[in-house]
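What follows is a set of notes on a single structure, which appears directly below.
The values are calculated or read from the model by the stated rules, or taken from the named source; none is laboratory data. Small disclaimer: the values here were computed from a predicted structure and weren't measured. Here the Cβ positions follow ideal geometry from the backbone for every residue, glycine too, while neighbour counts run over all protein chains shown.
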Amino acid sequence: MHFRSEVFLNTNDHIFDLSFNDILMLCNYARSNKFNLCSMIGGAESIRDLQESKSLFVEAYEFSIIESIFAIKKIFNALEKTFLTDQNLLGSKKCFINISSKMGLEMIDDIQNLEIPKFISRKNLIFNFDRRSIIISTKLVNNNNFEVDNFEEKINNIISKKVALIKKSKFLYSISGGITQKSIINLSDYGISPDYIKTGLFTIRVGELDSNLIKQINRLQVLEKEILSLMNKCIVKKHNYLNIREKHLTDFLNKA
């Protein structure tokens with residue numbers, strides 16, 4: 001499949017508990033399909049994750065659950081240490097900062113005070129509003145069994161105020177959580193026109209909030225289903241091997 005827009009394949013390795021070999025598989029899939037690769041970093045100062053991602057030549061990093069300006073500064077410090085001898089490489093790297101909690105939203109109120117180091121381009125710092133997690137964090141629901149579109153009005157109203165601050169500070173932003181044709185229309189109604197949209201394993205650069213974007217998202221969701229099926233087969237294969245090995249050793253020890 002060919003996509004005109006910039007597309008990132010998100011490894012989500014901390015969510016799926018992927019091994020390095022699993023990540024390599026995703027990396028090869030991304031390269032063969034001409035997708036960029038976005039690596040999930042475990043924490044603001046996770047230099048080990050950054051070093052592993054650097055060795056894979058990823059194009060972007062995703063930092064989850066960031067709740068303070070201080071945490072973003074720690075991200076900058078970790079990037080500086082990781083790319084100490086070749087900071088010029090950071091000029092093209094995208095950094096997705098995940099806003100998924102009430103504290104993360106409050107952090108945006110002080111975003112104008114964030115100083116960007118010279119080795120990072122302002123346009124490559126992207127704040128992602130995880131609508132589903134924000135709905136939970138702001139206690140609009142009391143469990144995980146819900147659909148985002150049932151809270152479109154409330155969550156978009158909350159996000160729109162923060163988006164204005166992001167745009168004022170000339171940063172880019174992304175939206176994730178319950179992205180459908182209906183939600184695209186609702187985003188427009190609240191003046192929310194994201195630079196990127198994250199849907200599952202993929203993040204796509206947004207041109208216009210139109211029917212063509214929905215078609216591209218649907219195509220990516222088809223690909224995501226294929227990837228999840230492949231990953232699931234790998235997990236089942238490893239699980240079966242462990243079961244066989246355990247049974248073999250049990251039988252062997254019983255005979256000893």
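Go over the candidates Leu230, Leu209, Leu201, Leu220 one by one and state the one that is surrounded by fewer than 20 Cβ atoms within 10 Å (Cβ to Cβ) and either within 19 Å of Leu9 (Cβ to Cβ) or free of Cβ contacts under 8 Å to residues at least 24 places away in the same chain (or both). Please lay out each step first, then the result.
Values: Leu209 fails: either within 19 Å of Leu9 (Cβ to Cβ) or free of Cβ contacts under 8 Å to residues at least 24 places away in the same chain (or both); Leu201 fails: surrounded by fewer than 20 Cβ atoms within 10 Å (Cβ to Cβ); Leu220 fails: surrounded by fewer than 20 Cβ atoms within 10 Å (Cβ to Cβ).
Within the list Leu230, Leu209, Leu201, Leu220, the selection yields Leu230.
Every residue in segment 187-225 that is hydroxyl-bearing (Ser, Thr, Tyr), modelled with pLDDT of 90 or more and over 18 Å from Arg31 (Cα atoms), please.
Answer for segment 187-225, where residues must be hydroxyl-bearing (Ser, Thr, Tyr), modelled with pLDDT of 90 or more and over 18 Å from Arg31 (Cα atoms): Ser193, Tyr196.
Residues of segment 80-90 being assigned to a helix (DSSP H, G or I) and either under 19 Å from Phe129 (Cα atoms) or not basic (Lys, Arg) (or both), which ones?
Selection gives Glu80, Thr82, Gln87, Asn88, Leu89, Leu90.
Could you list, in sequence order, the residues of segment 149-208 that are over 28 Å from Leu228 (Cβ atoms) and among the acidic types (Asp, Glu)?
Within segment 149-208, Glu153, Asp189, Glu208 meet the criteria.
Any idea which residue in segment 57-79 is farthest from Ile99 (Cα to Cα), counting only those that are out of contact with any strand residue (DSSP E or B) (no Cβ under 7 Å at 6 or more places or on another chain) and not in a helix (DSSP H, G or I)?
Here is the first cut: in segment 57-79, the residues out of contact with any strand residue (DSSP E or B) (no Cβ under 7 Å at 6 or more places or on another chain) are 57, 67-71, 73-74, 76-79.
Add one more test, that the residue is not in a helix (DSSP H, G or I), and what stays is 57, 67-68.
Values: Phe57: 25, Glu67: 7, Ser68: 10 Å.
Filtering segment 57-79 for residues that are out of contact with any strand residue (DSSP E or B) (no Cβ under 7 Å at 6 or more places or on another chain) and not in a helix (DSSP H, G or I), the one farthest from Ile99 (Cα to Cα) comes out as Phe57.
Among the residues that make up segment 153-160, is at least one of them of a type outside the set (A, V, I, L, M, F, W, C), crowded, with 16+ Cβ neighbours inside 10 Å and either within 20 Å of Asn10 (Cβ to Cβ) or free of Cβ contacts under 8 Å to residues at least 40 places away in the same chain (or both)? I'd like the intermediate steps shown before the answer.
Taking segment 153-160 and keeping what is of a type outside the set (A, V, I, L, M, F, W, C), we get 153-154, 156-157, 160.
Filter once more, keeping what is crowded, with 16+ Cβ neighbours inside 10 Å: 156.
Checking which are either within 20 Å of Asn10 (Cβ to Cβ) or free of Cβ contacts under 8 Å to residues at least 40 places away in the same chain (or both) leaves us with 156.
Yes: one or more hits.
Check whether at least one residue in segment 74-89 is under 30 Å from Lys182 (Cβ atoms) and among the aliphatic types (A, V, I, L, M), and report yes or no. So that I can check it myself, show each step before the final result.
Our first condition is that a residue be under 30 Å from Lys182 (Cβ atoms); within segment 74-89, this holds for none.
There is no residue in segment 74-89 that is under 30 Å from Lys182 (Cβ atoms) and among the aliphatic types (A, V, I, L, M).
On the given criteria, is Cys38 in a helix (DSSP H, G or I) and not aliphatic (A, V, I, L, M)? Give the derivation first.
On the way: in a helix (DSSP H, G or I): no; not aliphatic (A, V, I, L, M): yes.
Taking the combined requirement at face value, the residue does not satisfy it.
Please identify the pairs in which a residue from segment 95-118 that is under 19 Å from Glu45 (Cα atoms) has its Cβ atom under 9 Å from the Cβ atom of a residue that is part of a helix (DSSP H, G or I) and of a type in the set (Asp, Glu), counting only partners at least 6 apart or on another chain.
Every condition considered, the pairs that remain are Pro117/Glu80.
Given the residues Glu62, Glu52, Glu80, Glu6, which is the only one that is in contact with a helix residue (DSSP H, G or I) (Cβ under 8 Å, 6 or more places away or on another chain), of a type in the set (Asp, Glu) and within 18 Å of Leu125 (Cβ to Cβ)? Spell out the reasoning first.
Working: Glu62 fails: in contact with a helix residue (DSSP H, G or I) (Cβ under 8 Å, 6 or more places away or on another chain); Glu52 fails: within 18 Å of Leu125 (Cβ to Cβ); Glu6 fails: in contact with a helix residue (DSSP H, G or I) (Cβ under 8 Å, 6 or more places away or on another chain).
Exactly one residue qualifies, and that residue is Glu80.
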